[in-house]
1. Given 0.36 nm per residue, what is the gain on full extension from residue 43 to residue 217 after removing their alpha carbon distance, in nm?
2. Pull out the extension gain between residue 173 and residue 318, defined as 0.36 nm times the separation in residues minus the alpha carbon to alpha carbon distance; nm, one decimal.
3. Mind computing the radius of gyration and Dmax over the alpha-carbon atoms of the stretch 301-349? Å is fine for both.
4. For the stretch 315-352 and the stretch 45-80, what is the centre-to-centre distance using only Cα atoms, to the nearest Å?
5. What FRET efficiency do you get for residue 237 and residue 288 if R0 is 41 Å and r is their Cβ-Cβ distance, rounded to the nearest 0.05?
6. Using 7 Å Cα-to-Cβ label points, what is the residue 230/residue 307 separation (nm, one decimal)?
């Protein structure tokens, strides 16, 4: 009899904990439900919280973030996604502020997301915060979110891709993805936008650099910025040079002919022409079916990328791999093992 009572006490000791855990999980899901509703209602604070959740590297947060994405997905895919790139100093922040303000004055809702490399020392964003676009950040129809990439450009890109879904669910019809124009960030941004805009400077030796790097091939529009004052003449010459360079490239699958124009973001000149060009591109590609095809291809790309990233994360998270990797690295440094044999040994651990 006593032993049974003891047994019951043990069960009572377990059940409350289990019940508490279940209650906590239910509360978290209800919180996500409420967060999703607030985002869909257009609440900027809720949107910021949602993106913070998406950016978190905590496993539990990632699971909640996926639940949030699923609830918002039905309200997404209703925007035009514009990628903007250019070397540091080309005036991207000034351009985006001028361009974004022009769009909000038209009644558009604009979200700006940055694919931002981090400082290798502080791991913080080197592009700064909303102070770069002080005027636009005060606009009730605009939302600006700088992001630091940390150690993985692919990681921030995936999170930016999910942030796009949340922004669209919040009612933003124009999403601007900014990259600093270094490394492979242009290619990453190109894989998540509908229209890719390349900002250039005149008279900075940028003409040949652009051709050499192959970014022109990705561009749907090239804009020579800072075409004001003494720079106006050199901007016109650069426009002609880039227009000629575009003929070196094969026609695009979209059947769109990339445009070259000049603008002065600081004087707000040429901004309306750029927007009209984007609208023309959207009309053409929607009519010929390329707009939808490209989005399907991008979704496929991100599906495969997510699988690769998950496999990689799970591999390095494995206890045996964590244990063996330092030993094999030490053997590698002493020339006791080849990189290929070491890799095979680590991979074989996952098969056991």
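Rule-based calculations on the coordinates, nothing more; no lab input. On a predicted model such as this, the values are computed, not experimentally measured, just so you know. Cβ placement follows ideal geometry from the backbone for every residue including glycine, while neighbour counts extend to all protein chains displayed.
1. 58.8 nm
2. Computed gain between residue 173 and residue 318 is 48.0 nm.
3. That works out to 12.9, 40 Å for Rg and Dmax.
4. A separation of 35 Å, based on Cα centres.
5. So the FRET efficiency works out to roughly 0.75.
6. A separation of 5.7 nm, rounded to one decimal place.
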